[in-house]
Amino acid sequence: MTIAENIRALSKKKKLHFALLDPDKQKPENAGKIAQTVTEAGSSAIMVGGSTLLSQKQVDETCQAIKKNSDLPVILFPSGAKFLSKYADAVFFMSLLNSNNLGYVIREHVKGAPFVKYSGIEPISMGYVIIEPGMTAGRIGEADLIKRNDLQTAVGYALASEYLGMNFFYIEAGSGAPDPVPNEMIQAVKKNATIPLCIGGGIRTPEMAKEKALAGADIIITGTALEKDAHFQSNLSNIIRAIEEL
Ligand code: 1GP
């Protein structure tokens with residue numbers, strides 16, 4: 001079974017949590033420690049990436065440190081072709097569908113595809129959109145941010161992703177967003193599209209994680225809270241248990 005097949009099968013049974021580690025936000029050793037914590041807590045995958053990376057070395061070292069401490073799949077979440085690593089297991093081969101810059105929609109993919117082929121990491125297709133406020137990802141990704149009350153556009157992007165054959169759909173509000181993706185938007189997308197729905201950006205309390213899962217998110221992604229909040233880390237197993245029960 002591929003990693004994508006495995007995640008899709010798991011997500012049919014329960015809501016999942018993915019941890020996102022940004023190699024630019026902590027040293028590899030620290031990423032390794034967080035990886036151990038999230039593995040013990042019951043996360044289903046560890047994503048590695050961020051908008052402000054400077055070198056592939058950062059990504060390589062972070063993936064290696066994570067692999068030392070965890071047997072979870074390590075999935076890249078790259079901001080460009082330069083930030084791929086052979087030490088990962090897979091890559092979200094994601095198109096930032098609402099970017100005004102074709103690089104983020106398809107051109108970086110053209111540059112990175114041969115690396116994916118020859119390194120043997122598994123490509124997992126994903127439609128990706130950023131909503132207001134978008135934060136750094138929105139700015140760097142030159143996103144034409146979806147308005148928080150524009151449910152129809154969010155649904156349109158989700159369906160377009162599904163019809164283009166993408167495996168997953170990810171809506172995010174931007175890392176560190178003061179408010180995560182609204183529940184109404186999650187509900188509207190979930191009602192219409194059938195591919196697994198990932199939600200992230202600004203989820204920093206157990207209550208928020210539960211609320212987003214209850215609204216219809218299949219996969220909850222958290223980054224900052226894991227990197228910066230010891231309380232969130234120590235509570236992670238409870239959070240995961242709470243969303244799994246929904
Ligand atoms: C990754 O934006 C998410 O796409 C992560 O957001 O850092 O706010 O959890 P947080």
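Since every read-out is calculated from the coordinates, none of them should be taken as a lab result. None of these values were measured; they are calculated from a predicted model. Counting neighbours? That spans all protein chains shown, and the Cβs are built from the backbone with ideal geometry, glycine included.
Observations, loosely collected:
- Close amide H contacts of Ser99 (hydrogens built in the peptide plane, cut-off under 5 Å, sequence separation of 5 or more or a different chain): Asp144.
- Value of D in µm² per second that Stokes-Einstein yields for the chain, Kirkwood Rh from Cα pairs, at 37 °C (0.692 mPa s): 187 µm²/s
- Based on DSSP H segments of at least four residues, each scored -39500 (n - 2.57), the chain has a per-residue ellipticity at 222 nm of -13500 deg cm²/dmol.
- Once the Cα gyration tensor of the range 171-246 is diagonalised, semi-axes √(5λ) in Å: 20, 14, 9
- Of the three principal axes defined by the Cα atoms of the range 77-215, the extents in descending order read 41, 29, 29 Å.
- Rough spin-label spacing in nm, given labels placed 7 Å along Cα→Cβ, for Lys13 and Glu40: 2.4 nm
- Gain upon complete extension [Lys57, Asp24; 0.36 nm per residue less C-alpha separation]: 10.8 nm
- Reference-scaled alpha-carbon Rg (2.2 N^0.38 Å with N residues) for the range 12-59: 1.26
- Asp179-Thr153 FRET efficiency (beta carbon distance; Förster radius 25 Å; 0.05 resolution): 0.90
- Once the chain from Ala113 to Asn100 is taken as fully extended at 0.36 nm per residue, the excess over their C-alpha distance is 2.6 nm.
- Across all Cα atoms of the range 206-246, the radius of gyration (one decimal) and Dmax (whole number) stand at 9.8, 27 Å.
- Restricting the GluC sites (Glu not before Pro) of the range 207-243 to loop positions (DSSP other than H, G, I, E, B) with no more than 15 neighbouring Cβ atoms within 10 Å leaves nothing.
- Percentage, to the nearest whole number, of Cα pairs in the range 11-116 over 19 Å apart: 43 percent
- Linear extension gain, Thr2 paired with Gln64, 0.36 nm per residue minus alpha-carbon span: 20.2 nm
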